[in-house]
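Data first, discussion second: the structure below is written as structure tokens.
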Amino acid sequence: MTARTAPGKWIRIPLYVGLGVLYLPIIFLVLSSFRVATLDSASASWSAKWYTELPAQGQILAAAWTSLQIAAASATLATLLGVLAALALVRLTRPTARGLLGLLAAVPLVMPPIVLGFSLLMLFVILGSVTGWPVTRGSFAIAFAHATLGAAYVTVIVAARLARLGTTLEEAAMDLGATPTSAFLRITLPNIFPAVLLGWLLSAFLSLNDLVIASFVAGQTSETLPMVLFAGIQAGAGEAMKPAAVFLVGVVAAGAYPAWLLLRAPGPTRTDPLV
């Protein structure tokens, strides 16, 4: 018994080290947001000064509201595109077509954000010069760019759920008189809804945390919260930016719990007969 339990103790060490690397910087950020340095910079006091001054930071509040709106819009668009792509990926019968679609869906997952951002910037520039639309890049361009990345994650998550579900229940509903649309809405969608919601949350988190892609496509009319935080740190106003960073961490953490519950939820049992 001792020989079996001993390796478990050693396995926990890299686990704790990994958790420390991930969460200690966040803990230090939260603690330092209550630290106010004195004039001589040799000592500091603890207070909520930066939080009390946050309501007066109009640029930060406007950027936070813009980020939340963009995250909701991009996650919704990414979910719609991802569900449709997942249905095509799972239901296509030609292996070549499925392989090509799977490759196209996976490319944004491994593409560097700087390449994706530059590519989308060129797309908007060409569209603007050829068609005259969009006239100016702004929140719409950022939401569309984030949706292209989020749709890839939604496709992978929903496709895995659909593959486990199979098509037997949906076909049985259509045999009993249901239309394909009704069978999908009443049978398939409720079974894959946890995966759809998880994909929406993940897309929203990606949008809230993105800096590189948004910096490329934002133009001069819109700023997200990560863009404002980065600009403030470069300008030497890092102390005043800490409460906004804590706010961003809190929003992501609040959504991480339901995402964790969705990951723990048991998936549907495959109903197709084994061949």
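Read the figures in this text as sums done on the coordinates, not as results from a lab. Just so we're clear, the structure is a prediction, and the values are computed from it rather than from any experiment. Positions of Cβ are backbone-derived with ideal geometry, glycine not excepted, and every protein chain shown enters the neighbour counts.
Each residue of the stretch 67-79 was assigned a 3J(HN,Hα) from its phi angle through the Karplus curve 6.51 cos²θ - 1.76 cosθ + 1.60 (θ = phi - 60°); the sequence is 5, 5, 5, 5, 4, 5, 5, 5, 5, 5, 5, 5, 5 Hz, with glycine and proline shown as x. Taking all Cα pairs closer than 8 Å and separated by 6 or more residues, the relative contact order of the chain comes to 28 percent. Working from Cα pairs under 8 Å separated by at least six residues, relative contact order for the stretch 176-275 is 32 percent. Ordering of 120-133, 184-197, 219-232, 137-150 by packing is 137-150, 219-232, 184-197, 120-133, highest average first (other Cβ atoms within 10 Å, averaged per residue). First measure r as the distance between the Cβ atoms of Glu239 and Gln69, then evaluate 1/(1 + (r/R0)^6) with R0 = 30 Å and state the FRET efficiency to the nearest 0.05. FRET efficiency, Glu239 to Gln69: 0.65. Beyond 21 Å, what share of the Cα-Cα pairs of the stretch 71-203 is found? Please give it as a whole percent. Cα-Cα pairs of the stretch 71-203 separated by over 21 Å account for 50 percent. The distance linking the stretch 63-111 with the stretch 195-213 is 12 Å (Cα centroid to Cα centroid, whole angstrom).
Residue order for Asp175, Asp210, fewest other beta carbons within 10 angstrom first, comes to Asp175, Asp210. Subtracting the Cα-Cα distance of Leu19 and Glu53 from 0.36 nm times their residue separation leaves 9.0 nm of extension gain.
The phi-based Karplus calculation (6.51 cos²θ - 1.76 cosθ + 1.60; θ = phi - 60°) puts the 3J(HN,Hα) values of the stretch 219-228 at x, 10, 9, 9, 9, 8, 4, x, 5, 5 Hz, whole numbers, x for Gly and Pro.
Direction-averaged projected area, Cα convex hull, the chain: 22.9 nm², rounded to one decimal.
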